[in-house]
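Read the structure below first, then the notes.
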Amino acid sequence: METLTNRAKPVDRRPMNFWEKIYLPAVIKGLGITFRHLFKKKATYNFPEQKRPFSPVFRGLHILNRDEEGRERCTACGLCAVACPAEAITMEAAERKPGEEHLYREEKYAARYEINMLRCIFCGFCEEACPKDAIYLTETFAPANYQRKGFIYGKEDLLIPFPPIENQSATEKL
Ligand code: SF4
Ligand code: SF4
């Protein structure tokens with residue numbers, strides 16, 4: 001009979017001999033395997049104290065970026081929402097008022113900007129679609145939460161603080 005792999009072993013139906021009946025050699029063999037693994041590199045991490053290194057192409061939680069003067073870059077054009085295959089992004093646009101030039105870079109800005117992390121598949125299309133370099137995917141992931149609404153990230157969660165907090169990366173602020 002053809003098999004997909006060569007790992008299948010026929011079942012041994014011979015009656016057990018004396019050593020097999022007392023199980024001692026099997027127990028010693030098992031302990032030997034356990035002992036060997038004591039000196040091998042561990043496959044597990046002591047999360048959250050110890051973080052797993054991510055692949056260079058890992059895409060995690062989003063941030064909304066500011067320009068060098070601290071103004072919000074997002075102009076609420078909606079291209080990220082259109083590009084999103086999971087329909088995870090919603091926003092409401094607003095007009096910049098006189099005197100708000102120090103807050104928003106363009107005449108239009110996102111008064112509300114939300115990403116539903118339960119829908120998001122972290123494909124990065126929103127980042128690619130953005131003409132203003134306003135949205136980036138970072139190297140962190142959404143922490144666990146008991147409530148669905150905890151996975152709806154609003155503008156206050158996504159926008160990077162200004163001025164930047166010393167000794168803290170953008171991803172740690174989320
Ligand atoms: S990463 Fe992909 S799925 Fe997630 S919000 Fe951006 S475009 Fe949508
Ligand atoms: S994040 Fe970029 S693509 Fe999305 S609405 Fe803002 S400016 Fe447009």
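Quick note: the coordinates plus some simple rules give every number you see, no bench work behind them. These figures come from a predicted structure and were not determined experimentally.
Kindly express, to the nearest 10 degrees and within the range 0 to 90, the angle between helix 24-38's C-alpha long axis and the longest C-alpha principal axis of the chain. Approximately 30 degrees, to the nearest 10. In the structure shown, do any of Lys97/Lys132; Lys108/Lys149; Lys97/Lys155; Lys108/Lys155; Lys51/Lys132; Lys29/Lys51 have a Cα-Cα gap over 23 Å, and if so which? With Cα atoms farther than 23 Å apart: Lys108/Lys149; Lys51/Lys132; Lys29/Lys51.
Just check the chain against the gyration tensor rule for me: Cα atoms, a ≥ b ≥ c as the square roots of the eigenvalues, rounded for a/c under 1.5, and otherwise prolate or oblate depending on whether a/b exceeds b/c. The shape class here is prolate. Here the relative contact order of the chain, from alpha carbon pairs under 8 Å that lie six or more residues apart, stands at 24 percent. Residues whose amide H lies under 5 Å from that of Lys108, counting only those 5 or more places away or on a different chain, are Arg96; hydrogens are built 1.01 Å from N in the peptide plane. Global size of the range 94-170: 14.5, 42 Å for Rg and Dmax (C-alpha atoms, Rg to one decimal, Dmax whole).
Estimated from helices alone, the mean residue ellipticity of the chain at 222 nm is -5000 deg cm²/dmol (sum of -39500 (n - 2.57) over DSSP H runs with n ≥ 4, per residue). When the chain is modelled as a GNM with alpha-carbon springs shorter than 10 Å, which of Ala93, Ala142, Ala43 fluctuates the most? Among Ala93, Ala142, Ala43, the largest mean-square fluctuation in the Gaussian network model of the chain belongs to Ala43.
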